[in-house]
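The values are calculated or read from the model by the stated rules, or taken from the named source; none is laboratory data. As the structure is a computational prediction, the values presented were derived from the model and not from experiment. Please note: Cβ atoms are built from the backbone with ideal geometry, for glycine as well, and neighbour counts cover all protein chains shown.
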Amino acid sequence: MHVRVATEAGSSDTPNEDRVVVGTDLLVVVDGATARTDTGCVHGTAWYSDHLADAVLRYRHLGPSAALAAGIRRTAQRHSRTCDLDHPGSPSGSVGIVQVDGDQLRYLVLGDVTVVIDTGAGEFVVVDDRVSRIASTERAAADELPIGSKGKKAALARMKRAELAARNRAGGYWIAAGDPAVVDQALTGAVPLAGVRRGAILTDGAARAVSTFALYDWAGVLDLLATAGPHALVNEVRAAESQDVRGTRWPRNKTSDDATVAYFAGFPNEARRSVGDGGA
């Protein structure tokens, strides 16, 4: 079947911290969490996203939850000798997975990645928004300040510290980091494969098209992806961001975020890494 991917860094000054991998029956998107504080790690977020995505693909035969747990464990082992994995700011990432399993399409969402599936009867949307419920006071204070203004960076650091205090603990939010036990908190399920027409996994930087800018509803997003492709959606997000560089109309943490879209109207027929907007 067919998969098309677009991924673009939010800034030319920093590496893209999103990753996408495509396997015979599996599609994985990792959205690395922006580091605004110390991490206790010699590796960056992009390193973590890259190794986690590849590790999940390696264990795809186990199914989404077990593959993610094994991927987190393997990635932790790769840097446990050089890094403090118990540090509250250690590299982490949100994860979205879809996988064909017999006559079902299984999905997993951990963190604020969005999975949307067109079942023929409507769009089935899964997003873990628990992080957006954390640090509400600090988030509101940061949103009041224009991007690039004096104090915005400090406000975002305060918000990040409040978020990290609630990371991977009861009453907070859950994200892939160093402990595979967080997979128990992922949003998981399955839909009948026979009814699946198309779908997509989007990082929050791409989901801004719906969640922040209200350019489309989810049906409209899938229509655009089907006709113009994932790059068209990223370009429209970038156009909206450019109209509000300071974030005064649409408050947000930064003008542009890393944006990744993986659109499927089926699934790939050979294991391979997918880069750019094209078939896999």
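The table below lists the values:
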| item | result |
| --- | --- |
| Residue ID - nearest to residue 7 (Cα to Cα), chosen from residues in region 55-68 that are out of contact with any Ser or Thr (no Cβ under 9 Å at 6 or more places or on another chain) and surrounded by fewer than 22 Cβ atoms within 10 Å (Cβ to Cβ) | 57 |
| Close pairs from region 68-79: first in contact (Cβ under 8 Å) with a residue 12 or more places away in the chain and among the aliphatic types (A, V, I, L, M), partner surrounded by fewer than 24 Cβ atoms within 10 Å (Cβ to Cβ) and part of a helix (DSSP H, G or I), Cβ under 6 Å, at least 6 apart | 68/183; 69/180; 69/183; 72/180 |
| From 164, 156, residue being buried (at least 18 other Cβ atoms within 10 Å of the Cβ), under 17 Å from residue 251 (Cβ atoms) and in contact (Cβ under 8 Å) with a residue 12 or more places away in the chain | 156 |
| Inter-residue pairs, beta-carbon under 9 Å, first under 16 Å from residue 73 (Cα atoms) and in region 169-189, second among the hydroxyl-bearing types (Ser, Thr, Tyr) and part of a loop (DSSP other than H, G, I, E, B), 6+ apart | 175/92; 176/92; 177/90; 177/92; 178/80; 178/90; 178/92 |
| Which numbered condition residue 36 misses (of (1) surrounded by fewer than 21 Cβ atoms within 10 Å (Cβ to Cβ); (2) among the basic types (Lys, Arg); (3) over 20 Å from residue 131 (Cα atoms)) | (3) |
| Count of region 223-250 residues which are of a type outside the set (Val, Ile, Thr) and in a helix (DSSP H, G or I) | 15 |
| Residue satisfying all of: in region 114-129; touching a Gly at 6+ places or on another chain (Cβ under 8 Å) and surrounded by fewer than 17 Cβ atoms within 10 Å (Cβ to Cβ); nearest to residue 95 (Cα to Cα) among these | 119 |
| Residues located in region 68-103, provided they are touching a Cys at 6+ places or on another chain (Cβ under 6 Å) and under 30 Å from residue 199 (Cα atoms) | 91 |
| Residues that are part of a helix (DSSP H, G or I) and of a type outside the set (Gly, Ala, Ser), drawn from region 197-222 | 204, 208, 210, 218, 221, 222 |
| Candidate set: region 72-95, residues that are charged (D, E, K, R) and over 18 Å from residue 186 (Cβ atoms); chosen: the one surrounded by the fewest Cβ atoms within 10 Å (Cβ to Cβ) | 81 |
| Close pairs (9 angstrom Cβ cut-off, 6 or more residues apart or separate chains): at pLDDT below 95 in region 204-222, assigned to a helix (DSSP H, G or I) and surrounded by fewer than 22 Cβ atoms within 10 Å (Cβ to Cβ) anywhere | none |
| Any hit, region 96-110, residues being over 18 Å from residue 261 (Cα atoms) and buried (at least 21 other Cβ atoms within 10 Å of the Cβ) | yes |
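For (1) surrounded by 19 or more Cβ atoms within 10 Å (Cβ to Cβ); (2) at pLDDT 95 or above, each residue gets a yes or a no:
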position: 150; (1), (2): no, no
position: 160; (1), (2): yes, no
position: 171; (1), (2): no, no
position: 176; (1), (2): yes, yes
position: 181; (1), (2): no, yes
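Listed here are the residues, each with its yes/no results for (1) more than 19 Å from the chain's Cα centre (by Cα); (2) not hydrophobic (A, V, I, L, M, F, W, C).
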position: 182; (1), (2): no, no
position: 199; (1), (2): no, yes
position: 205; (1), (2): no, yes
position: 208; (1), (2): no, yes
position: 213; (1), (2): no, no
position: 217; (1), (2): no, yes
position: 224; (1), (2): yes, no
position: 234; (1), (2): no, no
position: 240; (1), (2): yes, no
